[in-house]
Amino acid sequence: MIQPTAASAEPAPSLRPLPIDVVSIQSQVVYGRVGNNVAVPALQAQGLTVAAVPTVVLSNTPHYPTIHGGPVPAAWFEGYLRDLSARGVLPPLRAILTGYLGGPEQAQALGSWIGQAMEVQPALRVVVDPVLGDHDHGEYVSPGMADAYRRHLLSLADGLTPNGFELAHLTGMAVNRVESVVAAARTLLTGRTQWVAVTSAAPDTWAHDEMQVVLVTRTQAEVIRHPRIDATSKGTGDLFCATLTGYWLNGASVPQATAQACRQVVRALRHTQQGQCAELLFPPMATRQDDGQPQAHERDVRQFTYQIGNGDLSMQPAASHLMRAYARQPVSFVRGSGARLWDDQGVEYLDAIAGVAVTSLGHAHPEISAAIAQQAGTLLHTSNVFRIDWQERLGERLCALTGMQRAFFCNSGAEANETALKLARLHGHRKQVANPKIVVMENGFHGRTIATLSATGNLAKQGGFEPLLPGFLHLSYDDIEAVRQAAEQSPDIVAVLIEPVQGEGGIRVARADYLRELRALCDQHGWLLMLDEIQTGMGRTGAWFGYQHAAITPDVMTVAKALGNGFPIGACLARGAAADLFSPGQHGSTFGGNPLACRVGCTVLDLMTRDELPRRAAVLGARLLDSLQKALGGHPNVNAIRGQGLMVGIELDRNCTELVGRALAEQRLLITVTRGSVIRLLPPLICDEMQIDDIVVRVARLLASNVAKNAIVEAAAQTIVGR
Ligand SMILES: Cc1ncc(COP(=O)(O)O)c(C=O)c1O
């Protein structure tokens, strides 16, 4: 041990200490680019001054056949830190960065020194990279390090940068999916710790040739996807952590700094790959003018934000200017054909939801595309002030199919139902009912406008939008006694609005008898029977419309979704007295029924008729149900498999909303989950038999892996919900 010389003396008090921005405590190698050999230049490149404390001194990384050196002795290590304090480094110090440590005793010494440093400099930022190992090499530190981090360092850090392997080791939780990474990382947000940036995170959800960093804070999680570059060089974690720290100290927010660190790592790896070098090569520094903005070649680093709250993780690009109304999946489709879709990475998917019962003719149907192009080149819109020939034609076609007499055209399902609700109230007032009531069903779904939301029997969807509209009576579905009792008790009832199969409500099929009895009750009391065929209509259930299975005719019915195969259109159809309730000026829509929408509607009807798609839906639906029963009938988590035509639900014994993301990532399959536990399948009606069988195979595989992962998923979900 070197002793101070006899002549040692403090420098003159008028001389200030060398200003140090960052103390970087990492491994020191003679040859190679890891630890301080990476962190120091990365920090210096950002204009920061660095004091480098070695934890181990090695000739090179242990990946080479020769290696000399080892951990610095405890007395030396503690001395380095003490002497930094003695040199007056602490008061102006801005950050401490730690990387690979030589053993648990170093962690302990470091923890107590950081505690002292914080007393001198409370604004000090501490970033701890809890180095333990990685997925490729397993654990490569001395035993007891995970525990030492937990005991001495984690809660002192403002930010942590574990990789996925380290996060799993530190928390004892599985971290294969974003949700579980978030759940695990949140357990580390204790003490001072405000953020955890997890590299190589959630491998189950990596897209083709991509990896991701998940940055978890108390309120949100940023998912930063970046290309996976095949380079074997070490030190990328050290570069990531130092670059992040540098950007953060220089004023970037943690999410911005994290994204910049990802970009820097990608640049370095590309540069290393191009240089065919065994060790990490530093690319030339990014020029000033890119100033936080990705350069063209770096735009493939993409950032998404999950909001954490109500137990849900909803995800959209961090820079998005869209309202957070949707919990979006991190997939963006750019092309479709029939039942197939391709994302922006070129990955192919099988579509088993058809845009939620919309693209029944499949994606990019050439005849639909041609009709749109032709009409767009002729006439798009005039307004309902004038006669619209295509609207007349579509009205006539729909009435011929349904037995209705008049149509009102609008742009969506909710608007079609609004129209029906207005008709019901007019009908009531004609009958001198001052406060007309409409019977609707529990778990029914009719749209998101205030009136249709009031009609919707789902408290979760209604919550927060009170006061809802009065005038609705919610009864249990498929229960004729409930309607009979209501008829006796409420003379104000004027109409019933019901879905023949509840779609959002978990694929519940009303019995044909029930619908017939409902028809009879409506006739008996002079109520309008109004059928919401928005999801069930246009062939979906194996008949043109769901009520046709019960051989009844409604007074009012609504259609939308598949009527435009993706082009927005809705319609409310009526017969009898209901068809003549509106007089001019009582209802209207600017866009509703314009030439383009109605021409598309006519083309959809032409194609569905020509290709006999309702019948096809019946045949394929029977095949789908049958194969699902065979494949999943005995599955321990499957409670029921039910449906009508190509509208099929698989009810599980537990919440399974996470399956939507897993189906995309693991099976390249689009599904939805309704009511939390029902997998809903709504494949396009143009599917071929092989595609139907393929859906079954992919769902079965998904559920097979679900059994193994259930415990993990539940633990993660509980951790998220419980916070
Ligand atoms: C049965 C039913 N009614 C109404 C709607 C609302 O349709 P839109 O989203 O077009 O307003 C939907 C949509 O899912 C539906 O399934």
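Read-outs throughout are calculated quantities, based only on the coordinates presented, and are distinct from any laboratory measurement. Note that the structure is predicted; figures quoted are calculated from it, not measured. Cβ placement follows ideal geometry from the backbone for every residue including glycine, while neighbour counts extend to all protein chains displayed.
Compute the relative contact order of segment 1-78 as a whole-number percentage, counting only Cα pairs closer than 8 Å that sit 6 or more residues apart in sequence.
27 percent
Just to verify a number: FRET efficiency for ARG151 and ASP688, C-beta to C-beta distance, R0 = 51 Å, to 0.05?
My answer for the efficiency is 0.25.
Multiply the residue gap between SER476 and GLU488 by 0.36 nm, knock off their C-alpha separation, and tell me the result in nm, one decimal place.
Answer, rounded to one decimal: 2.7 nm.
Taking 0.36 nm per residue of separation and subtracting the Cα-Cα distance, what length does fully extending ALA45 through ALA364 add?
Extending this stretch completely gives an extra 109.8 nm.
How big is the Kirkwood radius of segment 38-197, worked out from every pair of different alpha carbons and given in Å to one decimal? Please list the in-between numbers first.
Values: mean 1/r = 0.0601 Å⁻¹.
For segment 38-197, inverting the mean 1/r across all distinct Cα pairs yields 16.6 Å.
For the chain, just list the percent of Cα-Cα distances falling in each 10 Å bin from zero outward, please.
Values per bin, smallest distances first: 3, 13, 20, 19, 15, 12, 9, 6, 3, 1, 0, 0.
First measure r as the distance between the Cβ atoms of ASN435 and THR590, then evaluate 1/(1 + (r/R0)^6) with R0 = 25 Å and state the FRET efficiency to the nearest 0.05.
Step by step, r from the Cβ atoms, then E = 0.20.
Work out, step by step, the length gained on full extension between SER14 and GLU210: first 0.36 nm times the residue separation, then minus their alpha carbon distance; give nm to one decimal.
Value of the extension gain: 65.1 nm.
Can you tell me which of 39-48, 525-534 comes out highest on packing, and rank the rest after it, using the mean Cβ neighbours within 10 Å?
Details: 39-48: 19.7, 525-534: 24.8.
Ranking, from highest mean packing down: 525-534, 39-48.
How would you rank 585-592, 687-694, 465-472, highest first, on the average number of other Cβ atoms within 10 Å across their residues? Present the calculation step by step, with values, prior to reporting the outcome.
Numbers: 585-592: 14.6, 687-694: 16.2, 465-472: 12.4.
Top to bottom by mean Cβ count within 10 Å: 687-694, 585-592, 465-472.
Take peptides 404-410, 18-24 and line them up by average Cβ neighbours within 10 Å, highest first, as a rough protection proxy.
My ranking of the peptides, most packed first, is 404-410, 18-24.
So how far apart, in nm, are the two label points at ARG82 and HIS321 if each is 7 Å from Cα heading toward Cβ?
In this crude label model, ARG82 to HIS321 measures out at 6.0 nm.
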